[in-house]
1. In terms of modelled amide H atoms, which long-range or inter-chain residues lie less than 5 Å from the amide H of residue 145?
2. Return the sequence-ordered ³J(HN,Hα) values of segment 116-131 in whole Hz as given by the Karplus equation 6.51 cos²θ - 1.76 cosθ + 1.60 applied to θ = phi - 60°, using x for Gly and Pro.
3. Taking θ as phi - 60°, what are the ³J(HN,Hα) couplings along segment 221-233 by the Karplus curve (6.51, -1.76, 1.60), each to the nearest whole Hz, with x for Gly and Pro?
4. How far is it, in nm, from the label point at residue 9 to the one at residue 236 when both lie 7 Å from their Cα along the line to the Cβ?
5. Explain nothing, just the number: relative contact order of the chain, from Cα pairs under 8 Å at least 6 residues apart, as a whole percent.
6. Calculate one ³J(HN,Hα) per residue across segment 170-180 by plugging θ = phi - 60° into the Karplus curve 6.51 cos²θ - 1.76 cosθ + 1.60, and present them in order as whole Hz with x for glycine and proline.
7. Taking amide H positions as placed in the peptide plane 1.01 Å from N, state which residues far from residue 117 in sequence (5 or more) or on other chains have amide H under 5 Å from it.
8. So if R0 is 25 Å, what FRET efficiency would residue 50 and residue 2 give, r being the distance between their Cβ atoms, rounded to the nearest 0.05?
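Taken together, the values in this text are just the output of simple stated rules run on the coordinates, not laboratory data. Since the model is a prediction, treat every value here as computed from it, not as a measurement. With ideal geometry, Cβ positions are generated from the backbone for all residues, glycine too; neighbour counts draw on all protein chains shown.
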Amino acid sequence: MRHYGIIGFPLLHSFSAKFFSEKFANEHIDAEYSLYPIDKDEWAKGERVKNLLHRLAGLNVTMPYKQEVIAYLDRLDDTAKAVGAVNVVHQGVGYNTDCLGFMSSLQPLLRDYDREALVLGTGGAAKAVVYGLKQLGISPTLVSRTPGEGMLGYDQLTKEIMERFTVIVNCTPLGMYPDIDTCAPIPYEMITPRHLLFDCVYNPEETLFLRKGKAQGATIRNGIEMLIGQAKAAWKIWNNE
């Protein structure tokens, strides 16, 4: 039996675990997929991380370790190197399939006038989204509570900026179950039917971020297709397809 799994914290739920467990059952694959929650203290020790990297046939990485895991890897493929974050590991090599899943989900929704995007958050998911947007010809700008160079703060989102940036992507965990009553503090009253709101969160299916955008007439999409796309790509990597 082959063993696969996901590391992150907290792992209250996992799309990958459900996806692969169902895949193994439906296709009669002799394998299992497990959750490996690792808190920051255990992560700092490094022993469990190294053990899992050595023992598992394939590994997914989720928040908050998509960047930190790089220190434990032998090398990165070109995409992961360009993104600066890893969500798939195989035989000591780090890959990023988040960007592939994101691009395949977002691209069908893009309009001719979509040229600039606001990316909410600065973590590993945001890095994959920024890379994906650039591949699609869209110029991304990060938005953070603590803005730095080339980055906007939430309090800087003026009417002019909101009109210019017609694509808004939430890469924060805000709104994710069980904290479903939270959302990024953007000026939702300035959103129009010209906007496209994409949430990397998939649980709940319609986050508060998406509901607020929908109420303003915006096109919305959650992260489920992104997750399916990245999982399928991960399976190909693990099986050298």
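1. HN-HN under 5 Å from residue 145: empty list.
2. In residue order, the calculated couplings are 9, 9, 9, 10, 8, x, 9, x, x, 5, 5, 5, 5, 5, 4, 4 Hz.
3. The phi angles translate into 8, 8, x, 5, 5, 4, 5, 4, x, 5, 5, 4, 5 Hz.
4. 3.4 nm
5. Working: 455 pairs, mean separation 38.9, N = 241.
Once divided by the residue count of the chain, the mean separation gives 16 percent.
6. Using θ = phi - 60°, the values come out as 8, 10, 9, x, 4, x, 6, 4, x, 8, 6 Hz.
7. 139, 141
8. Numbers: r = 19 Å, r/R0 = 0.77.
The computed FRET efficiency comes out at 0.80.
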